[in-house]
Every structure is written in structure tokens, then in C-alpha cells.
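Comments concern the structure below.
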Ligand code: GAF
């Protein structure tokens, strides 16, 4: 029998707790921190724009407790790797992988003048790596949340997500926006969050697509250039904003952009245009949800993908293939790549009754085209980072 997602998380939490008790011989405090999907609004977060994410029922389970030892120890259960470090000499590691997310959070807390004592952690996750479902934000949030509870630091959730974001900037080297950390921290069951990334405030939308459902298809590829290309895109956006004399591209209209068209390259023009248009699409998407206009939601997803692929240039052949394949299937209203790009998942709006046959069809077509397997997930929209009793 297939396990339900709820049981999957319960099982994961239990494994992490047992591993902690076995390794450190004490009872831990338990935290679950979810990954996220994003309905629409890609790469708009670091342009002070709008995004529409939701937390999902896959994430990181973390067990944490104080220790009297003079080092802190972290055990990554999935990888069976242990890392010991001194709180007195926290610094980013070359090719540190998961270690840098932990160290980054610790360092950002310390930078705020807060003194930490040593602790032990065991963590594990069920978010597929490289799927663009924000396993890193889930890990960062679980660590900052766990440390805050354990040492009663009094850090607000709003501050915690900034700590997580800075950990990503300074320790993982990705100059990300705030979307992933926000969605993972503030997610609400069955709902998506229309987030204004300038004010960092969101409106809750209970989602119901009637006969339709969201389906994720993972290309299972993550192309190497993704991190440097991400930072490059951010630089382009900042360069164009500067030229336009605005704080961020969120403040510019297409008319504004056209006034400097002759002074910037066509590539930069298209990228900035994508951001301005994508911001508008997020607003249109929220209106279409309110109006129960499911056809329009689908159309906006396709437009978003087209912009990400041809203007912002963060797609790849595997993602484009998956989206193209849905276009001649009338049971799918829309699809697009999701997250930073260069691999990971597409998000699809599909007629519930047709999911089974579509899964078979797309899996076969993908295998034929690339010789590798794609993975298909149903996700449920869930609550954000929380302590588990
Ligand atoms: C990644 C980043 F971490 C987010 O901040 C966001 O920019 C996203 O890519 C693209 O929308 O997930």
C-alpha cells in the first residue's frame, strides 16, 4: 500500500528522533520545516516584487538538544555524515554542502550579538535534492527555529527568515530573495501566500481548483551553472534598476523600461521586461483565483514559462520538453518551470481524472527523449515550520 504523505513525515520524524536518542543518549526537541512550491512569480522576489508560494508536506525533520561538550555536533541522517565544529570559529567551508546551511545560520545568529552554547543536531529530509522545492530553506529554517526554541532566544519568525536568507547568501553563495524562507516558515494548510517581497507581508488564498489539481514533474536534472547564473540574473536586474533610477524593478513600468532601451543590451532589456511582466502576472493570477477563472490560471502559467525560457533564460531543454508536451493535451490548462531554473520541477494544472493516464504518457515520453526518468509528485499544501510534540 502507498504511504500517505502524513505517514511519510511521521515516519521521518520518528527515525530522526530515534537516531538522536541513540547517538546522543538524550531526548531532543523536534522541529519540522517544509519545502515549498510556487504558483507563479519567479525571480520577482529579489526585485521587491510579488510571488505566490505555498509550503508543502515534504520537508526537513530536525532533532536538537543542548550538550555540555565543548563542540557542537550535527549528524545528517540521509547522508550518514557527521560534522563537529566549534562555536568560536564558525566560517564557510569550501564545498561544505549541507554543513554551510547550519554554519550560516549559527553565524548569522552570532552576528546579532546572541551567544549560543553547544548543541547536537540530527536531521533528515524527504524533499528530493535539486528538485527546486527549497530543501535548503527548509534546513535553514529548521535550524534557526530549533536554536531559537532550545535557547529561548526570543527571535521573531520575521527575523528568523532573514537569518536563513543571509545564511544562504553568505555561506551557500546564492543571493536568493526571501520567497523560499518565507513560504517554509509561514505556510498554511491548503493555502498559498500572495507575498509582497518589499513589505514581506502576505495575503492568504485558500486554494480550490475544482476538478483540477497541481502536479509536479521533476526532470531530475540540476545543471551546474544554476548558482552562478542565478546571481548573474540578480546582477542584471540591479544594473537595469540603477539605470532606471529606481530602487528595484518592481518600481518600473514597461514604458519606463522603453525609455532606456537604446542604452542597454537586448538581453538585459528582455530580462527586465520579463520581471515587469511576471509581476503583473502574479496580480492577474490572484484575480483569476478570486474569479474562479481556471482557464486564465493555466494561460498565465504558460506565459510565465515562455518568459522564463525565452526572455529570462533560466529554463533548460528538459523543462521546456515537459511544458511543451502538455500543450497538446486539453486536460492540462497550463504548466511552467518552477523555482530558480536550470532543472528541477515543472508545475502543472491538470484535470484530476486524467492524472493517472498523463503520468504514464509523460514518463514514457521523457524516457524516450532523454534516456532518463522523470519523477511525478502530488503535493499537499501544508503548515510552515513548527515544533513537533
Ligand atoms: C530560488 C531562490 F532561492 C528564490 O529566492 C527565488 O528567487 C527563486 O529561486 C526564483 O523565483 O528558489
When the helix-only estimate is applied to the chain (DSSP H runs of n ≥ 4, each -39,500 (n - 2.57), divided by the residue count), what is the mean residue ellipticity at 222 nm, nearest 500 deg cm²/dmol? -13500 deg cm²/dmol
Would you please give the FRET efficiency between residue 110 and residue 360, computed as 1/(1 + (r/R0)^6) with r the Cβ-Cβ distance and R0 = 51 Å, to the nearest 0.05? 0.50
Relative counts (whole %) of C-alpha pair distances in the chain, using bins that are 10 Å wide: 5, 23, 32, 25, 12, 3, 0
For a Förster distance of 30 Å, can you work out the FRET efficiency between the beta-carbons of residue 262 and residue 327, rounded to the nearest 0.05? 0.30
Using the basic label-point model (7 angstrom from Cα toward the beta carbon), what is the residue 91 to residue 353 distance in nanometres? 6.4 nm
Reciprocal mean inverse distance between Cα atoms of region 272-389 - Kirkwood radius, Å: 15.5 Å
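Determine, for 66, 206, the number of other Cβ atoms within 10 Å of each Cβ, and report the residues in order from fewest to most.
On the way: 66 16, 206 11.
Sorted ascending by nearby Cβ count, the order is 206, 66.
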Contour minus Cα-Cα span, residue 239 to residue 80, at 0.36 nm per residue, comes to 52.9 nm
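Multiply the residue gap between residue 372 and residue 291 by 0.36 nm, knock off their C-alpha separation, and tell me the result in nm, one decimal place.
25.2 nm
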Using 0.36 nm per residue of separation minus the Cα-Cα distance, give me the extension gain between residue 222 and residue 149 in nm, one decimal. 22.9 nm
Once the Cα atoms of helix 98-111 and of the chain are each reduced to a long axis, what angle between those two axes, in degrees from 0 to 90 to the nearest 10, is obtained? 80 degrees
Computed FRET efficiency, Cβ-Cβ of residue 18 and residue 66, R0 25 Å: what is it to the nearest 0.05? 0.85
Roughly how many nanometres apart are two label points built 7 Å out from the Cα toward the Cβ at residue 208 and residue 231? 4.6 nm
When the chain is modelled as a GNM with alpha-carbon springs shorter than 10 Å, which of 241, 156, 72 fluctuates the most? 156
Cα centroid separation, region 162-200 to region 74-112 (Å): 20 Å
Obtain the nm distance between the two label points defined at residue 251 and residue 201 by a simple spin-label model: each point lies 7 Å from its Cα along the Cα-to-C-beta direction. 1.9 nm
Remind me, relative contact order of the chain in percent, using alpha carbon pairs under 8 angstrom and six or more residues apart? 23 percent
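If neighbour count is taken as other Cβ atoms inside 10 Å, put 143, 74, 246 in order from fewest to most.
246, 74, 143
Laboratory data are not the source of any read-out in this text; all were calculated from the coordinates shown. Just so it is clear, the structure is predicted and the values come from calculations on it, not from any experiment. A quick note on method: Cβ atoms are made from the backbone with ideal geometry, for glycine too, and the neighbour counts reach across all protein chains shown.
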